[in-house]
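Taking it in order: structure first as structure tokens, then the write-up.
The values are calculated or read from the model by the stated rules, or taken from the named source; none is laboratory data. Values in this document were obtained by computation on a predicted structure and should not be read as measured data. Cβ atoms come from the backbone with ideal geometry, glycine included; neighbour counts cover every protein chain shown. The accessibility values were calculated without ligands, DNA or RNA, using every heavy atom of the protein model including side chains. Shrake-Rupley method; radii C 1.70, N 1.55, O 1.52, S 1.80 Å.
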Amino acid sequence: MSILLIHTGGTIGMVQTPSGFSPQTGVVEQAISDLKHSGACPRDVDVHLLTPLIDSANATPAEWGRIAALIADHHAQYSGFVVTHGTDTLAYSAAALGFALQGLDKPVIVTGAMLPLSVKGSDGMRNLADAIAAAPSAPAGIWVQFAGQRLHGVRTRKSHSTEFDAFRDTPGTAPPCQPGETLRVHGFGSAKVAILAMAPGMPTDLFQHAARDCDALLLRVYGSGTAPESQGLAMALQIANRRDIPVLAVSQCAEGGMALGTYAAGAILRAHGVIDGRDMTVEAAYAKLHHVLALPVSERARLTRPLCGEYSA
Ligand code: ASP
């Protein structure tokens with residue numbers, strides 16, 4: 001029943017410094033030791049630090065790949081995994097692990113804290129203890145454990161910047177887990193993916209630069225899938241089509257998702273072959289594009305298939 005805790009950084013393990021909260025080794029390790037001594041957590045929890053510890057604002061797909069590789073390397077040895085992570089980009093990493101770990105048959109519980117363990121009144125100890133309790137017993141897949149809730153790891157978003165109860169998910173119909181006979185790890189490359197949000201009257205010709213320079217575009221469109229029928233957007237989509245790069249769209253609304261084709265004002269998207277991201281979170285859609293761009297071209301059709309419960313069936 002042993003558990004591997006992978007500590008990546010984030011508020012949970014930070015201390016106050018002259019320039020603000022910053023990650024420090026020893027904080028999470030001490031908390032685990034305290035939990036073991038109080039009997040609140042089993043003795044066979046091993047801690048692995050992903051060095052350097054970072055504020056998750058500095059995470060990149062390379063960090064997602066490092067976490068996934070560590071889990072894969074130790075998959076047979078442990079009955080569950082806990083990943084402690086900064087909350088700012090926790091939802092991106094959790095979604096990315098869903099795409100990276102095909103055939104995962106153990107729980108991976110991602111958690112963090114809004115206040116450092118080193119600060120009185122922190123939520124860190126509770127989240128840590130809950131995550132460790134869930135690690136051997138939750139169903140296989142990627143879960144976010146936060147403020148007493150266990151959330152679907154590929155459908156979670158940070159919804160509050162200060163409250164302890166900072167995450168929400170859209171309950172999924174499929175578990176946060178990619179089926180597979182054996183474990184296969186998909187790494188991440190160095191693709192350039194641009195997230196382009198629109199607003200009324202915004203100069204969408206800016207998008208053309210991204211269409212020329214990036215490997216994929218992720219559009220944040222209005223409501224159920226409308227966009228301004230502007231010359232700037234049309235040109236950007238034509239450039240993307242000519243370069244044969246994927247363009248995926250998700251809604252700016254946190255709930256409900258897309259239904260491309262409902263409005264005539266979405267015609268510009270359909271006419272240029274924009275892929276309907278349905279009710280994927282922006283975090284999951286971004287991670288999925290990075291996942292697919294790192295695959296051989298023959299496997300890129302995965303972009304238009306549900307892989308790990310990232311959108312409602
Ligand atoms: N800036 C921190 C991080 O994402 C915030 C947190 O962990 O709550 O690493």
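Details
- Qualifying helices (runs of 4 or more DSSP H) (wholly inside the range 216-313; at least 2 residues being farther than 30 Å from Leu151 by Cβ and touching a residue at least 12 places away in the same chain (Cβ under 8 Å)): 231-243, 267-271
- Candidates in the range 1-18 are the residues that are within 18 Å of Leu115 (Cβ to Cβ) and not in a strand (DSSP E or B); of these, the one that is farthest from the ligand (Cβ to nearest atom) is Gly13.
- Just one residue in the set Ala57, Ala62 is closer than 23 Å to Gly187 by Cβ, out of contact with any helix residue (DSSP H, G or I) (no Cβ under 8 Å at 6 or more places or on another chain) and more than 15 Å from the ligand (Cβ to nearest atom); that residue is Ala62.
- Taken over the range 66-102, residues that are open to solvent by 10 Å² or more (accessible area, probe 1.4 Å) and out of contact with any helix residue (DSSP H, G or I) (no Cβ under 7 Å at 6 or more places or on another chain) amount to 12.
- Note on the range 19-31: among residues that are more than 16 Å from the ligand (Cβ to nearest atom) and in contact with a Leu (Cβ under 9 Å, 6 or more places away or on another chain), the one that is least open to solvent (accessible area, probe 1.4 Å) is Glu29.
- Candidate set from the range 103-127 (those that are among the aliphatic types (A, V, I, L, M) and either farther than 27 Å from Thr162 by Cβ or within 11 Å of the ligand (Cβ to nearest atom) (or both)); member that is surrounded by the most Cβ atoms within 10 Å (Cβ to Cβ): Ala113
- Once the range 188-205 is narrowed to residues that are in a strand (DSSP E or B) and touching a helix residue (DSSP H, G or I) at 6+ places or on another chain (Cβ under 7 Å), the residue that is surrounded by the fewest Cβ atoms within 10 Å (Cβ to Cβ) is Ile195.
- Applying the criterion of being more than 15 Å from Gly256 (Cα to Cα) and among the charged types (D, E, K, R) to the residues of the range 270-292, the residue that is most open to solvent (accessible area, probe 1.4 Å) is Arg270.
- Exactly one residue out of Asp34, Asp46 is open to solvent by 20 Å² or more (accessible area, probe 1.4 Å), out of contact with any Asp or Glu (no Cβ under 7 Å at 6 or more places or on another chain) and either among the small types (Gly, Ala, Ser) or within 20 Å of Thr11 (Cβ to Cβ) (or both): that is Asp34.
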